[in-house]
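Participant: Please find one structure pasted underneath; my questions will follow.
Throughout, read-outs are computed from the coordinates displayed, never taken from laboratory work. Quick caveat, the model's predicted, so the values are computed rather than measured. Cβ placement follows ideal geometry from the backbone for every residue including glycine, while neighbour counts extend to all protein chains displayed.
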């Protein structure tokens, strides 16, 4: 395992201090109340007729600020075992329905939420803008957009979108509210964790892989990899505002979110991960308030367990809901 992070015997018990702002709960309560003041306004139309064995919809709903958030909804034609709301990695977009047939093939419906503003730097194209923009300077990318004010921060909008995606999924044909899960890796893992914490008992299970935004204050001290490099660059150039920026990060840090999440969860952590350091993953896991289990990959970087993680997640959900 890499020398930049803690040794394994310390990682497994790593429990960093939570830096939860005093108004953390009211901040998110107000954020969600303002978001829900807009009608959910789910819109859906048939798509991907070339996939006759699944039912596919090109859909959208109103997220933070009432902004339209695009998604795919794909479900098996046979009995649906549950619904998985899928969140995406950094810079990724929803792509095409062909990219998301794994869950339906295993018997689950999936709603794949586009991440606002993203989908132009990774392998899949996105289809959702970010009308809110930002009122402060930022380093190219998304991590520091609006970072000088938690109310203006990019991930405030994204996490509110994620809760609305869950609420939108609950309106769709084939969704059983007793069998609704969230899933994601890297940025998607951070969003899945946030959705689990903020949506309360709407989420019945959570799959969280190699999570981003985990123990952020430590991460920027131990890795210079992107996306954390964006925050490191901001802190290095906006020296007098560094603590203001880090306080904004405290509102979205997975260490605090984990302590507010209670649904059964399956984690994966890679010990050679130089992008999302394993100490952050273990910090989130050890703070997680609900039933949990973790798969640890000693010889993998940020790819984690890849297909093995996907198979393990499918089998875990099938066992959980059988």
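Participant: Pick from 279, 44, 186: which is most flexible by mean-square fluctuation in a GNM of the chain where alpha carbon atoms under 10 Å apart are linked?
Facilitator: 44
Participant: Taking only Cα atoms, what is the 0 to 90° angle, nearest 10, from helix 307-320's long axis to the longest principal axis of the chain?
Facilitator: Tilt relative to the chain: about 60 degrees.
Participant: Round to the nearest 10 and give me the degree value, 0 to 90, for the angle of helix 278-287's Cα axis relative to the longest principal axis of the chain.
Facilitator: Roughly 70 degrees, rounded to the nearest 10.
Participant: I need the peptides 175-184, 308-317 ranked by packing, meaning the mean over residues of other C-beta atoms within 10 angstrom, with the highest value on top. Mind showing how you got there, number by number?
Facilitator: Numbers: 175-184: 21.2, 308-317: 18.4.
The most tightly packed comes first, giving 175-184, 308-317.
Participant: Sticking with this structure for a sec: Evaluate the relative contact order of segment 1-131 (contact order divided by residue number), counting alpha-carbon pairs under 8 angstrom at least 6 apart; express in whole percent. Present the calculation step by step, with values, prior to reporting the outcome.
Facilitator: Numbers: 225 pairs, mean separation 24.2, N = 131.
In percent, rounded to a whole number, it is 18.
Participant: Hey, another quick one. Sort 228, 50, 288 so that the residue with the fewest other Cβ atoms within 10 Å of its own Cβ comes first and the one with the most comes last. Walk me through the numbers before you get to the answer.
Facilitator: Details: 228 23, 50 8, 288 26.
So the ranking, lowest neighbour count to highest, is 50, 228, 288.
Participant: What are the extents of the Cα atoms of segment 212-287 along their three principal axes, in Å, largest first?
Facilitator: Computed over segment 212-287, the largest-to-smallest principal extents equal 41, 27, 14 Å.
Participant: Sort 72, 321 by Cβ crowding within 10 Å, fewest neighbours at the top.
Facilitator: Numbers: 72 23, 321 16.
Taking fewest neighbouring Cβ atoms as first place, the list is 321, 72.
Participant: Taking the number of other C-beta atoms within 10 Å as the exposure measure, put 249, 272 in order starting with the fewest. Walk me through the numbers on the way to the answer.
Facilitator: Numbers: 249 21, 272 15.
So the residues, fewest neighbours to most, are 272, 249.
Participant: Starting from the Cα of residue 23, step 7 Å along the direction of its Cβ; do the same at residue 244; then give the gap between the two resulting points in nm.
Facilitator: Simple spin-label model gives 1.5 nm for this pair.
Participant: Tell me what the chain gives for mean residue ellipticity at 222 nm when only DSSP H runs of n ≥ 4 count, each as -39,500 (n - 2.57), the sum divided by the residue total, rounded to 500 deg cm²/dmol. Write out the running numbers ahead of the final one.
Facilitator: Numbers: 11 runs with 105 residues, N = 322.
Taking each H run of at least 4 residues, the total per residue is -9500 deg cm²/dmol.
Participant: If you take all C-alpha pairs in segment 106-156, what percent of them are over 16 Å apart?
Facilitator: It works out to 50 percent of all Cα pairs.
Participant: Which percent, to the nearest 5, of DSSP beta bridges fully inside the chain are antiparallel?
Facilitator: On the way: 18 of 42 bridges.
Around 45 percent antiparallel, to the nearest 5.
Participant: A further question follows. When you count, for each residue, the other Cβ atoms within 10 Å and take the mean per peptide, how do 33-40, 191-198, 141-148, 81-88 rank with the highest first? Show your work: numbers first, answer last.
Facilitator: Numbers: 33-40: 13.6, 191-198: 28.1, 141-148: 23.1, 81-88: 26.0.
Ranked from most to least packed, the peptides come out as 191-198, 81-88, 141-148, 33-40.
Participant: For segment 111-178 and segment 1-60, what is the separation of their Cα centres, given in Å?
Facilitator: 9
Participant: Follow-up. Equivalent-ellipsoid semi-axes (√(5λ), Cα gyration tensor) for segment 41-94, whole Å, largest first?
Facilitator: Details: eigenvalues 95, 38, 28 Å².
Over the Cα atoms of segment 41-94, the ellipsoid semi-axes are 22, 14, 12 Å.
Participant: Something else: Return the Cα extents of the chain along principal axes one, two and three, sorted largest first, each rounded to a whole Å.
Facilitator: Answer, in whole Å and largest first: 55, 43, 34 Å.
Participant: Shifting gears a bit: Dividing the Cα convex hull volume of segment 189-322 by residue count, how many Å³ per residue is that? It would help to have the intermediate numbers written out before the result.
Facilitator: Working: hull volume 11.9 nm³, N = 134.
Cα convex hull per residue, to the nearest whole number: 89 Å³.
Participant: Now for a different question. At q = 0.16 Å⁻¹, what base-10 log of I(q)/I(0) does the Debye formula yield for segment 137-261 when every alpha carbon is treated as an equal point scatterer in vacuo?
Facilitator: The calculated log intensity ratios at q = 0.16 Å⁻¹ are -0.76.
Participant: Continuing with this model, one more query. Between the helical axis of 228-237 and the dominant principal axis of the chain, each derived from Cα atoms, what acute angle in degrees is found, rounded to the nearest 10?
Facilitator: The angle comes out near 40 degrees.
Participant: May I pose another question? Could you tell me what fraction of 2.2 N^0.38 Å the Cα radius of gyration of segment 244-310 comes to, as a two-decimal ratio? Mind showing how you got there, number by number?
Facilitator: Details: Rg = 12.8 Å, N = 67, 2.2 N^0.38 = 10.9 Å.
The value comes to 1.18.
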